[in-house]
Amino acid sequence: MTETSQPNAPKAAPAGGSRATMKKELPERFKSYRHVWVFIEIERGQVHPVSFELLGEGRKLADKLGVELAAVVLGPPGGVEEAVAECFAYGADLAYLIADPLLANYRNEPFSRGLTSLVDTYQPEILLLGATNLGRDLAGSVATTLLTGLTADCTELDVDADASLAATRPTFGGSLLCTIYTLNYRPQMATVRPRVMPMPERQHKPIGRVVTHPLGLVEDDIVTKILGFLPDRDTNKANLAYADIVVAGGLGLGAAENFQLIKALAHALGGDYGCSRPVVQKGWMPAERQIGQTGKTIRPKLYIAAGISGAIQHRVGVEGADLIVAINTDRSAPIFDFAHVGIVADAVRLLPALTDAVTRRFSPHTRDRLAG
Amino acid sequence: MHIVVCIKQVPDSAQIRVHPVTNTIMRQGVPTIVNPYDLFAIEEALRLRDAHGGSVTLVSMGPPNAEDTLRKALAFGADRAVLLTDRYFAGSDTLATSFALASAIHKIGATYGAPDIVFTGKQTIDGDTAQVGPGIAKRLGLLQLTYVSRIVSVDPDAGLIEVERRAEGGIQQLRTRLPCLITMLEGSNAIRRGTMADALKAARAQVVIWTAAEAGIADLTRCGLRGSPTVVKRVFAPGARSDAARMIEPAPTARDSADALIDAIFSAQPALEADIAAAQAAL
């Protein structure tokens, strides 16, 4: 993003100003910490896509720093080999692997123990995790054990001139952005929500160097026991983040019943639908439909925002869309600052006309010509 | 049972405004509330106390005026409230915050009895990190149960608890030992309306106020800015995209406006139009 060099941005938060000017003095014991690591999240045999997204981001950081990118894989023997191979295909130079039956399902105790032990032994300078329930559960424990800095839910990662990680995230409830550094401690830890970073291209690459490490625990050492797992029946909800077309509504729609118009247009386009945070707070839509920093981050090919003003916390959740279309009655709404196509109009009147226009456009008569 | 609930006073985010020229937060006059996610933790704690006996202690770290927020939270029916307030806490990041709160909970344990369960909300609405709960658990050596959607059973005598926890793609059923730290998922319960007696009691209640020293913190370098490994270097508002939005001129009729907008969309994304057509033809 070029926004980081905005001349009108205030220089620093008053609270951070004094420390930000402090000289960085990395203690001697941290000077050997090198390389970029990505924790690979495996859920019932499948690598969570956020881990590949982070490998793509980690690759850029590692290249800028001139260091290696490592994938950190914890899981049961027989359930991790494919994941390790995939990590190389998505850009890792090497993998650290703890393969132990105790890691078959996520529990905080063995995973935080294993990851902490790897960090202590092999000393990375940057450690990235997905900001999923698992990643947040693990990152908080590991950072506290290591007494290092952790920046949660980053929307942008970069390396500055003196090789420090610059982690940018929304702040003040998503109304501004801030850039955070971890001075004088290593590793520099950060979590990133799924879909915030683009999925990198999968390459045909052979498996490279794999460093295996013991967990050093037996089941009796672990207090928490897993009694069962109830898979979600409704998996449709999870697909909003991965939909190619998303139509969303905001407070500008004026009433809960007007969200039928959002659903109708989404249906006509073969896409999914969502809403902004205030709509959930009003109770017009359920929380799982919320798009933005504290809801879903989306990267669709087409995003239509109807009656959404475009607060920063919403912006960071949709900025990865290929095409952002804004419909708003207020020409000065921030949504027009980052939309690609906009129209100043009342969404409640325009949405049915859009649904109609789409239906006409994709009538069987014309659609076969387009599809052909 | 003794149950401790960590809560935070946060600005009502619905009312935060950014100054249009300076891009700074306009804090003046923004009302403060109990972090909404914490209400689920408070309710769950009260239910466990009602079922098993014992007491509920609320604890918060914040400015002196967080006393009012604690008093409001007491009105739901908690037994006591402790406010940790000291200028040495200013500028705490998640690591320094979890240190201060863990120290206070340790002192609460020494004063009012060791807690069986420490609750936090899932995250706050101002920081949104969800990292302080796990940090407190690690520092106090408590077993950690995050994103708990349901407490299935608690057996204080056997020191066992069974919960359901929100994981990716499903619900994890876990059993662990007390004492533990639970971060409560939103929507897992509905906060009660405190009784009139609770409201009167809360109005008269003395919120216990501790400085860092009173909370038993000897090493002030672990608090506030000095105890925070992370540093906020810049706060800023993102500017407009360098390529300005292509604005479609509204037509006299919604139908013509819609056609113009759809034309603009598919001229920008021609491949998408073929994809949609193919998907619809396949139905």
Could you put B:Leu140, B:Leu83 in order of accessible surface area, largest first, with the 1.4 Å probe and the full protein assembly present? B:Leu140, B:Leu83
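Looking at region A:21-221, what % of its DSSP beta bridges pair antiparallel, to the nearest 5?
Working: 11 of 37 bridges.
Looking only at bridges with both residues in region A:21-221, the antiparallel portion is about 30 percent.
How big is the Kirkwood radius of region A:212-365, worked out from every pair of different alpha carbons and given in Å to one decimal?
Values: mean 1/r = 0.0593 Å⁻¹.
Averaging 1/r across every pair of different Cα atoms and inverting gives 16.9 Å.
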Dipole of region B:2-222, positive end: most advanced residue of B:Gly113, B:Val82, B:Ala51 [Cβ charges, Cα centre]: B:Val82
Under the Karplus relation 6.51 cos²θ - 1.76 cosθ + 1.60, θ = phi - 60°, what is the ordered set of whole-Hz ³J(HN,Hα) values for region A:276-290, x standing for Gly and Pro? 8, 4, x, 5, 5, 5, 6, x, 7, 9, x, 4, 5, 9, 6
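About its Cα centre, how strong a charge dipole does chain A have in debye, to the nearest 20, once Lys and Arg get +1 and Asp and Glu get -1 at the Cβ?
Details: 38 positive and 40 negative charges, 174 e Å.
Here the size comes out at about 840 debye.
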So how much accessible area does A:Val341 have, in Å² to the nearest 10, using a 1.4 Å probe? 10 Å²
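May I ask you to list, by number, the DSSP H helices of chain B whose Cα span along the axis is at least 18 Å and whose average Kyte-Doolittle hydropathy reaches 0.5 or more? Don't skip to the answer; put the middle values down first.
Numbers: long enough: B:36-52 (25 Å, -0.29); B:94-112 (26 Å, 0.84); B:254-268 (21 Å, 0.53); B:270-282 (19 Å, 0.68).
Qualifying helices, which must be both long enough and hydrophobic enough, are B:94-112, B:254-268, B:270-282.
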When Cβ neighbours within 10 Å are restricted to other protein chains, what is their mean count per residue of peptide A:354-361? 5
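Tally up the carbon and sulfur contribution to the accessible surface of the protein assembly as shown as a whole percent, 1.4 Å probe, everything protein left in place. Show your work: numbers first, answer last.
Values: 13790 of 26270 Å².
The value for the protein assembly as shown is 52 percent carbon and sulfur by accessible area.
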Mind checking the angle between helix A:347-361 and chain A's longest principal axis? C-alpha axes, 0 to 90 degrees, to the nearest 10. 90 degrees
Need one number: buried accessible surface between chains A and B, 1.4 Å probe, both sides summed, DNA, RNA and ligands left out, in Å² to 100. 8700 Å²
Cut-off 10 angstrom, C-alpha nodes, Gaussian network model of chain B. Which of B:Gly170, B:Gly187, B:Gly135 fluctuates the most? B:Gly170
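Please quote Rg/Rh for chain B to two decimal places, taking the Kirkwood radius as Rh and restricting both calculations to Cα atoms.
Values: Rg = 24.2 Å, Rh = 21.7 Å.
Radius of gyration relative to Kirkwood radius: 1.12.
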Could you pull the Rg and Dmax for region B:120-266, using just the Cα atoms, both in Å? 25.3, 74
Please report, in Å, the Rg and the Dmax of region A:21-221, where both are computed over Cα atoms only. 16.0, 50
For B:Thr124, which sequence-distant residues (separation of 5 or more, or a different chain) have an amide H within less than 5 Å of its own amide H, given hydrogens modelled in the peptide plane? B:Thr129, B:Ala130
For A:Ser32 paired with A:Glu81, estimate the spin-label separation in nm (one decimal), with each label point 7 Å from Cα along the Cα-to-Cβ line. 3.4 nm
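Would you work out the charge dipole size for the protein assembly as shown about its Cα centre, treating the Cβ of every Lys and Arg as +1 and the Cβ of every Asp and Glu as -1, and quote it to the nearest 20 debye?
On the way: 67 positive and 69 negative charges, 241 e Å.
With only Lys, Arg, Asp and Glu charged at Cβ, the dipole is about 1160 debye.
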At q = 0.07 1/Å the base-10 log of I(q)/I(0) from the Debye formula over the alpha-carbon atoms of the protein assembly as shown is -0.47
So what's the gap between the Cα centers of region A:189-257 and region A:134-179, to the nearest angstrom? 18 Å
Report, for the protein assembly as shown, the % of DSSP beta bridges that are antiparallel, rounded to 5. 35 percent
Cα-only radius of gyration and Dmax that characterise region A:157-295, units Å: 21.4, 58
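So what is Rg over Rh here for chain A, counting just Cα atoms and using Kirkwood for Rh? Don't skip to the end; give the middle numbers.
Working: Rg = 22.6 Å, Rh = 22.4 Å.
That ratio equals 1.01.
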Between region B:34-80 and region A:306-336, the Cα center-to-center distance that results, in Å: 38 Å
Measure up B:Lys8/B:Lys201; A:Lys31/A:Lys205; A:Lys263/A:Lys301 against 23 Å on the Cα-Cα distance and list the ones that go over. A:Lys31/A:Lys205
Provide, for q = 0.16, 0.26, 0.28, 0.30 Å⁻¹, the log10 of I(q)/I(0) from a solvent-free Debye sum over equal Cα point scatterers in region B:244-283. -0.51, -0.85, -0.89, -0.94
For chain A, whose charge dipole is built from +1 on Lys and Arg Cβ atoms and -1 on Asp and Glu Cβ atoms, the candidate among A:Ile226, A:Leu65, A:Val247 with its Cα farthest towards the positive end is A:Val247
Dipole magnitude of region B:2-222 about its Cα centre (Cβ charges: Lys, Arg +1; Asp, Glu -1), debye to nearest 20: 180 debye
Taking all pairs of distinct alpha-carbon atoms in region A:55-146, Kirkwood radius in angstrom: 13.7 Å
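For the full complex of protein chains and a 1.4 angstrom probe, list B:Met196, B:Met61, B:Met184 by accessible area with the highest value first.
Values: B:Met196 140, B:Met61 35, B:Met184 0 Å².
Final ranking, largest accessible area leading: B:Met196, B:Met61, B:Met184.
The values are calculated or read from the model by the stated rules, or taken from the named source; none is laboratory data. Since this is a predicted model, take the numbers as computed values, not measurements. Cβ sites come from the backbone with ideal geometry, for glycine too, and all protein chains shown count toward neighbours. Each accessible area value is taken on the protein alone, full model and side chains, heavy atoms only, with ligands, DNA and RNA left out. Shrake-Rupley method; radii C 1.70, N 1.55, O 1.52, S 1.80 Å.
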